[in-house]
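Read the structure below first, then the notes.
Derivation of every value follows stated rules applied to the coordinates shown; laboratory data play no part. Source: prediction; values computed, not measured. Every residue, glycine among them, receives a Cβ derived from its backbone with ideal geometry; neighbour counts consider all protein chains shown.
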């Protein structure tokens with residue numbers, strides 16, 4: 001066994017990380033007066049620690065131990081020498097020769113902290129600590145086997161189309177795709193799911209998100225609230241502050257060391273290197289050459305760009321914003337572009353996005369147009385196969401069968417002749433693989449997704465009596481609203497106004513004069529104040545009846561638990577109408593959305609209401625071409641609002657034009673692409689697995705046990721929620737993810753979706769993963785002793801339960817635990833070394849085992865030390881014999897998985913040029929590297945439970 005000691009940091013010393021034991025044995029590679037840098041060759045990673053609180057433990061082997069070097073050679077230690085903090089080991093090699101190794105030569109693939117050494121030293125833990133450790137090992141093993149890793153933690157609805165895209169893209173190496181779902185289907189959530197999965201799986205570490213300035217705040221909040229991802233928001237002020245603060249941190253000595261003719265600081269500091277996750281506005285990059293160059297000088301695993309359709313490009317000209325993103329796209333390994341539905345923008349604009357993803361593949365606009373025309377017959381063929389027409393009718397279509405045979409050969413005709421649902425699905429899947437942009441472009445439509453509730457418009461005309469005074473129209477609406485709310489006291493009502501000033505005045509009036517429980521939500525509030533207002537409105541028992549929002553203040557928030565929307569006024573922009581309704585009309589809305597619009601008869605607002613409803617029909621149906629129609633008819637609409645145009649003629653012309661454009665959109669739908677954007681069978685399997693996790697109570701049981709053991713106070717908050725906060729009797733200086741003020745949390749997805757002020761605890765929440773890491777990275781719970789009554793066994797005999805962890809240090813991106821199905825192996829033996837694990841289960845120990853007072857336990861251990869050492873040695877020998885077969889089994893799993901993926905991608909590459917060669921090469925490297933690391937896996941003893949049999 002190795003001794004774990006503390007001391008000064010010297011280059012070449014070997015240390016281990018207390019919090020990341022999986023990194024293996026580290027080497028001190030660099031040190032100064034503040035920081036120490038350790039390299040971890042086993043995991044291929046490096047860490048920098050502050051010296052005064054580094055979570056590190058020094059490693060020193062003992063005389064009599066056998067150690068290995070980097071090449072696998074062994075040395076039996078006979079003598080240890082120390083020179084200024086650096087250790088040298090002298091002993092015999094496998095040939096019996098006396099040799100000396102410096103500690104820098106030692107093998108990095110090692111594990112430490114044997115539980116039997118703690119047991120014999122009297123460090124005996126409580127039974128409940130041991131149970132928590134065992135449960136942690138089992139849960140870690142279970143989670144590694146799931147297909148939904150990376151999708152478990154986000155606070156999102158389980159929508160098949162979103163989960164399918166996230167799963168498909170999130171597990172790729174350096175994904176480069178265009179997310180182009182229709183409005184309201186959640187492109188931001190899809191991007192967040194992909195980002196979260198990439199981070200959880202270690203496929204990405206450094207991410208840059210660039211969005212329009214108006215959306216920076218919304219993205220910052222979404223990433224934190226939904227995905228528990230803390231992005232650093234950079235603007236010009238923040239960049240300057242980081243540069244100045246870095247300059248101020250320089251000590252006097254460091255100032256003197258700099259070139260006396262140069263001022264240190266500003267130009268040497270890169271704000272984009274201040275964090276791993278960076279969020280900034282597009283103008284920060286496009287308006288400042290300095291900031292763009294700073295971003296370009298960094299390594300980015302993933303670049304995310306929202307509203308990408310605003311990046312203007314033509315074959316002979318491109319805007320500065322497009323040029324900036326193009327430069328960043330070249331250096332970033334992965335790229336996610338979020339944009340409006342492509343067919344609304346034209347094929348030129350569509351090509352402009354694709355050339356950002358892969359300029360080598362999409363190099364010429366005319367070539368791309370020709371390719372797209374070639375895919376139209378494939379699209380039509382798929383739609384025929386998906387129809388209800390019987391196979392006989394399809395086979396009688398000479399043109400169809402000829403196309404099918406050209407594309408898929410005789411196998412295609414054979415599948416069609418089978419005339420089963422499975423054979424048709426197989427036909428469609430084979431055609432999907434041949435689709436030009438199906439791998440780099442994802443687009444779902446409302447028509448395809450379904451699940452949306454209806455909308456119903458209620459126009460409330462208000463009569464104008466007498467001469468109107470200033471503000472009379474608002475007064476009429478306020479009076480109507482006050483009366484209407486009294487008639488609907490039990491209903492949650494969202495009210496949206498064009499301005500923050502109107503929203504604030506209206507909420508004050510309703511609250512103070514109308515006695516309505518209300519809250520205001522507008523851009524002038526802080527994040528905390530907005531949270532409180534939203535939470536007050538979301539509270540279904542004692543919360544606000546009414547939430548009054550401004551136009552901008554309501555962006556990015558969802559209130560689908562409410563069914564009534566009051567538009568206090570109307571904006572002169574059809575897209576804002578859809579945005580307003582979209583606060584309620586979302587997947588998950590359980591009832592028809594009731595839209596209420598009070599207006600003065602024969603007023604400007606009456607005219608606008610009629611044009612929106614009768615011309616565009618944008619209240620009761622989604623109108624994806626609203627902005628296009630508005631731009632075409634803007635002049636005529638303004639004239640009608642001023643009373644200088646025939647409104648009836650305008651409405652009729654608008655209606656006809658709207659119907660024409662909607663029909664063109666419908667006919668232009670690419671069903672092939674839509675099918676490729678959500679394969680139902682795969683999506684449903686993901687939903688089912690996540691639903692099973694939601695319904696499983698093991699997480700709440702696990703966390704309650706952890707809270708009790710570590711001394712965290714927790715109590716019921718409501719039916720689906722609890723409150724946890726630090727206590728005076730905590731057994732750890734810090735409990736992961738628990739602030740001093742405590743948290744309110746829930747395990748319920750539905751509760752989390754309606755109460756964004758609550759933490760949503762899942763197996764991937766930072767608090768939960770932090771607890772699991774805290775348990776397994778410490779010695780706590782790796783020893784236990786009890787008495788047990790088992791009549792078949794002789795009183796006074798011993799039973800020893802050994803928990804062995806199959807551990808393989810390696811880069812996180814390899815995701816090696818998924819290939820280790822038995823990462824927690826349990827072995828049990830008695831004094832006669834009889835294998836009893838199939839007969840005496842953990843439940844037997846847990847139910848029948850009785851705790852022993854610690855002084856008595858220590859005496860028992862010392863009295864039975866020889867037998868314990870003998871039994872433990874036997875269990876370790878048995879584990880060592882299992883280790884080889886477990887490594888072989890894991891390597892077989894690795895080969896099977898990667899061979900299957902390589903075969904699939906290689907076959908796809910033959911018919912679809914969007915399969916990049918680097919993807920195939922990367923998979924081959926992953927396979928070889930995974931097998932190489934797996935060869936160093938060890939089945940090591942993690943915990944011991946000793947049971948003394950009594951009568």
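Numbers at a glance
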| quantity | calculated |
| --- | --- |
| Nitroxide proxy distance, nm - points 7 Å out along Cα→Cβ at residue 88 and residue 348 | 7.6 nm |
| All-pairs alpha carbon distance profile, region 372-439, 10 Å steps from 0, percent | 20, 61, 18, 1 |
| Förster radius 35 Å - calculated FRET efficiency between residue 489 and residue 642, Cβ distance, rounded to 0.05 | 0.30 |
| DSSP beta bridges in the chain [antiparallel fraction, %, rounded to 5] | 55 percent |
| Cut-off 18 Å (backbone N to label point 7 Å along Cα→Cβ of residue 62), residues of region 773-799 | 779, 783 |
| Sites residue 74 and residue 296 - FRET efficiency at Förster radius 56 Å, r taken between beta-carbons, to 0.05 | 0.70 |
| Angle between the chain longest axis and helix 365-385 axis [Cα atoms, degrees, rounded to 10] | 90 degrees |
| Computed E for residue 627/residue 591 - FRET, C-beta separation, R0 22 angstrom, nearest 0.05 | 0.20 |
| Average Cα contact separation per residue, the chain, under 8 Å, 6 or more apart, as relative contact order % | 14 percent |
| For region 799-870 and region 691-750, distance of Cα centres in Å | 28 Å |
| Shape metrics for region 2-112, restricted to C-alpha atoms - Rg then Dmax, Å | 13.8, 44 |
| Spin-label model distance (nm) - residue 870 vs residue 372, 7 Å beyond Cα toward Cβ | 8.1 nm |
| Label zone at residue 331, where the point sits 7 Å out along the Cα-to-Cβ direction: region 16-58 residues whose backbone N lies under 16 Å | none |
| Residue 832 paired with residue 232, simple spin-label distance in nm, labels 7 Å along Cα-to-beta-carbon | 6.5 nm |
| Highest-first arrangement of 478-491, 798-811, where packing means the average Cβ count within 10 Å | 798-811, 478-491 |
| The chain, helix-only ellipticity at 222 nm - DSSP H runs n ≥ 4, -39,500 (n - 2.57), divided by all residues, nearest 500 | -13500 deg cm²/dmol |
| Three-way shape call for region 542-670 based on the alpha-carbon gyration tensor, with the a/c threshold at 1.5 | oblate |
| Contact order relative to length of region 2-112, as percent, for alpha carbon pairs under 8 angstrom and 6 or more apart | 25 percent |
| Residue-span extension gain [residue 360 to residue 276] - 0.36 nm each, minus C-alpha spacing | 27.4 nm |
| Added length on full extension, which subtracts the Cα-Cα distance from 0.36 nm per residue, residue 924 to residue 950 | 3.7 nm |
| Chain lengthening between residue 734 and residue 909 when straightened (0.36 nm per residue, less Cα-Cα) | 57.9 nm |
| Relative contact order %, region 372-439, counting alpha carbon pairs below 8 Å whose residues are six or more apart | 35 percent |
